[in-house]
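Chemist: Pasting a structure below so you can have a look.
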Amino acid sequence: MAGGAREVLTLQLGHFAGFVGAHWWNQQDAALGRATDAKEPPGELCPDVLYRTGRTLHGQETYTPRLILMDLKGSLSSLKEEGGLYRDKQLDAAIAWQGKLTTHKGPPPLTMSANPKPLIPTEDSIRVWSDFLRVHLHPRSICMIQKYNHDGEAGRLEAFGQGESVLKEPKYQEELEDRLHFYVEECDYLQGFQILCDLHDGFSGVGAKAAEMLQDEYSGRGIITWGLLPGPYRHGEAQRNIYRLLNTAFGLMHLTAHSSLVCPLSLDGSLGLRPEPPVNFPYLRYDATLPFHCSAILATALDTFTAPYRLCSSPVSMVQLADMLSFCGKKVVTAGATIPFPLAPGQSLPDSLMQLGGVTPWTPLSACGDPSGTRCFAQSVVLRGIDRACHTSQLTPGTPPPSPLHTCTTGEEVLAQYLQQQPRVMSSSHLLLTPCRVAPPYPHLFSSCSLQAVESIPVFGALCSSSSLHRTLEALAGDLTKLDLRRWASFMDAGVEHDDVAELLQELRSLAQCYQDGDSLVDS
């Protein structure tokens, strides 16, 4: 491992988390593959943060994700279990599936291919995340929950209480602890854990219990949780929608108690029971009913939000990022992204930012409604994939600058000045040359590029502590108070008491108060 890497261990909990994770790891792998091009600039993002080196019994070096994933029986499809859960106990600790050891170098900002490789598998054939995962996993990565089924109507992991009880069972608790110890003990400096966790089903309980285990055993490390929700609500499926509401509320509050930072991620318009249309991206055409599409967009955003704690030079640690965004008890943040960032030929970054206008140029990704008119208390912003030659404006001598942005001498100055247009906001910003990789099997979502396959795109993303969460959390509490819990006895039977619901309502409303617009910024 390269010296100085500040390692992160990723936990993927649930099937939609598997979809997001598969796209995420494919994107990391595609970035690693660019290292063969000697013309590329030195890497900005350190792959050793997310990956580990290993060696097979035959001495072959490997490079695999530092990953633990949990899913249900029947969810693996083409991915073979025997490479993971069961054979692993007889194998040497450093064994991984055969893979190629590569190093990362930053790619150019935008790449198009007129003759793309065929998409294998086809979108129509994708049923589970393992159908399109192109990355080799270490044998200790896959942990299957055999007592619940992925398919069918019976034996489903539907409720928060069921998920919590899974990790209370010695079998699964020890399984997870063994895997955690294996990965953590080989780290030089573990900065923390990132949890990708389904919120809509029983995995919200698995995630809550896992976060509690991490907090108890690895105190002082960062725990950043991404609560994932596939969209949209299904009309006419009352039980599924009510369970989704209850699981989301319980998961959100319990994860907040045990994480450094929690961010819901969804293309849905609302966390509550009232159906809202999925969000719109001006330059994307996607099907909100397809997990393959939704997860690709969320993975691209995630790849951007997490860049600060993966930087080779002057990284912001997970703990620092969480501290900056979560002061005064505001441990839940919202996300937004512009995918792809629009930069027309011949345009400079100041030109494009001026055209975006407004204080919220990104599409909201946390199902908290329209952020316009709400206040941002603190934000972490990343703009990536813009060619250095476009960072500043090249004005003809004697021409008056169209805006103050056009007088800046560096791209970093342009971005910082743009963000200063929002008063009283604590901002951290990063400008990277490295774009997001979107080569196949990433879906073809780009509306303006019908004839060419897009291989990489610029992305503008932000995590924000926002007053919109006051409205969202209050609305969640309001939806819960309207429920007749006697009708949903099956949810309660899974291990949740009536007192737990009363406590949940109190905690939701208490957290909502933290985000009232009248809050003042406090220097910590």
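Where a number appears in this text, it was derived from the coordinates with a stated rule and is not lab data. The shown structure was predicted, so the numbers you read here are calculated from the model rather than taken from an experiment. In this analysis, Cβ positions are derived from the backbone assuming ideal geometry, glycine residues included, and neighbour counts consider all displayed protein chains.
Chemist: Can you give me the distance in nm between label points at residue 355 and residue 370, each placed 7 Å from the Cα along the Cα-to-Cβ direction?
Modeler: 2.3
Chemist: Any idea how far the Cα center of the range 318-370 sits from the one of the range 128-158, in Å?
Modeler: The range 318-370 and the range 128-158 have Cα centres separated by 33 Å.
Chemist: Based on DSSP, what percent of beta bridges with both residues in the range 371-524 are antiparallel, to the nearest 5?
Modeler: Numbers: 10 of 17 bridges.
Bridges in the range 371-524 are about 60 percent antiparallel.
Chemist: From largest to smallest, what semi-axes in whole angstrom does the range 303-351 give when each is the square root of 5 times an eigenvalue of its alpha carbon gyration tensor?
Modeler: On the way: eigenvalues 156, 48, 18 Å².
Over the Cα atoms of the range 303-351, the ellipsoid semi-axes are 28, 15, 10 Å.
Chemist: Which pairs, out of 330/482; 168/331; 147/171; 331/482; 147/168; 168/209, put more than 18 Å between their alpha-carbon atoms?
Modeler: 330/482; 168/331; 331/482
Chemist: Which trypsin sites (Lys or Arg not before Pro) in the range 216-301 pass both tests, a DSSP loop state and at most 10 other beta-carbon atoms within 10 Å?
Modeler: Details: sites: 221, 234, 240, 244, 285; in loops: 221, 234, 285.
Listed in order of number, the matching sites amount to none.
Chemist: How big is the C-alpha Rg of the range 151-214 next to the rule-of-thumb value 2.2 N^0.38 Å, as a ratio? Don't skip to the end; give the middle numbers.
Modeler: Working: Rg = 13.4 Å, N = 64, 2.2 N^0.38 = 10.7 Å.
My calculation over the Cα atoms of the range 151-214 gives 1.26.
Chemist: How big is the charge dipole of the range 252-404 about its Cα centre, in debye rounded to the nearest 20, if each Lys and Arg gets +1 on its Cβ and each Asp and Glu gets -1 on its Cβ?
Modeler: About 240 debye.
Chemist: Compute the Rg to Rh ratio over the range 148-283 from the alpha carbon atoms, using the Kirkwood formula for Rh, and round to two decimal places. Display every interim value, and only then the final one.
Modeler: Details: Rg = 16.2 Å, Rh = 16.0 Å.
Reported Rg/Rh, Kirkwood definition of Rh: 1.02.
Chemist: Using DSSP to define loop residues, name the GluC sites (Glu not before Pro) in the range 183-291 whose beta-carbon has at most 12 other beta-carbon atoms within 10 Å. Don't skip to the answer; put the middle values down first.
Modeler: Details: sites: 185, 186, 212, 217, 237; in loops: 186, 237.
Taking the range 183-291 and a limit of 12 other Cβ atoms within 10 Å, the loop GluC sites (Glu not before Pro) found are 237.
Chemist: Please report how far the C-alpha centroid of the range 186-200 lies from that of the range 416-489, rounded to the nearest whole angstrom.
Modeler: One Cα centre to the other: 20 Å.
Chemist: Can I ask one more? What's the long-distance tail for the range 426-479, i.e. % of Cα pairs beyond 16 Å? Provide the component values of the computation, followed by the final result.
Modeler: Details: 919 of 1431 pairs.
Summing the P(r) of the range 426-479 above 16 Å gives 64 percent of all pairs.
Chemist: Counting only Cα atoms, I'd like the Rg/Rh figure for the chain, Kirkwood definition for Rh. Don't jump to the answer; show the numbers that get you there.
Modeler: On the way: Rg = 22.4 Å, Rh = 23.6 Å.
My calculation puts Rg/Rh at 0.95.
Chemist: Here is a further query. According to the Kirkwood expression over distinct Cα-Cα pairs, how big is the hydrodynamic radius of the range 302-411, in Å?
Modeler: Details: mean 1/r = 0.0615 Å⁻¹.
Kirkwood hydrodynamic radius for the range 302-411: 16.3 Å.
Chemist: When the scattering of the range 350-472 is computed by the Debye formula from its Cα atoms alone, each counted once and equally, what is log10 I(q)/I(0) at q = 0.18 Å⁻¹?
Modeler: Result of the Debye calculation: -1.08.
Chemist: Run the quick spin-label model on residue 187 and residue 483: label points 7 Å from Cα toward the beta carbon, then report their separation in nm to one decimal.
Modeler: Between residue 187 and residue 483, the simple spin-label model gives 3.4 nm.
Chemist: Work out the charge dipole of the chain with +1 on the Cβ of Lys and Arg and -1 on the Cβ of Asp and Glu about the Cα centre, then indicate which of 440, 346, 28 is farthest towards its positive end.
Modeler: 346
Chemist: Choose one of 242, 220, 206: the residue whose Cα lies farthest towards the positive end of the charge dipole of the range 162-261 (beta-carbon charges +1 Lys, Arg; -1 Asp, Glu; about the Cα centre).
Modeler: Looking along the dipole axis, the top candidate is 242.
Chemist: Take the alpha carbon atoms of the range 160-180, find their center, do the same for the range 235-304, and report the distance between the two centers in whole angstrom.
Modeler: 25
Chemist: With a point put 7 Å past each Cα toward its Cβ, work out how far residue 399 is from residue 516 in nm, to one decimal.
Modeler: In this crude spin-label approximation the distance works out to 5.1 nm.
Chemist: Once you wrap a convex hull around the alpha carbon atoms of the range 371-420, what is its projected area averaged over all directions, in nm²?
Modeler: On the way: hull surface 19.1 nm².
About 4.8 nm², averaged over all directions.
Chemist: Right, another one. So what's the Cα pair-distance distribution over the range 405-508, bin width 5 Å, in %?
Modeler: P(r) over the range 405-508, rounded to whole percents: 2, 8, 12, 11, 8, 9, 11, 10, 11, 10, 5, 2, 1.
Chemist: Set Lys and Arg Cβ to +1 and Asp and Glu Cβ to -1, take the dipole of the chain about its Cα centre, and tell me which of 297, 398, 129 lies farthest positive.
Modeler: The Cα lying farthest towards the positive end belongs to 398.
Chemist: About the Cα centre of the chain, what is the dipole size in debye to 20, counting +1 per Lys and Arg Cβ and -1 per Asp and Glu Cβ, all else neutral? Can you show the working numbers first?
Modeler: On the way: 41 positive and 56 negative charges, 179 e Å.
The dipole magnitude comes to about 860 debye.
Chemist: Please compute P(r) over all alpha-carbon pairs of the range 394-442, binned at 5 Å starting from zero, and give each bin as a whole-number percent.
Modeler: 4, 16, 19, 16, 14, 12, 10, 6, 2, 1
Chemist: Related question: With an 8 Å cut-off on Cα pairs and a minimum separation of 6 or more residues, tell me the relative contact order of the chain in percent.
Modeler: Working: 1090 pairs, mean separation 94.9, N = 524.
The value is 18 percent.
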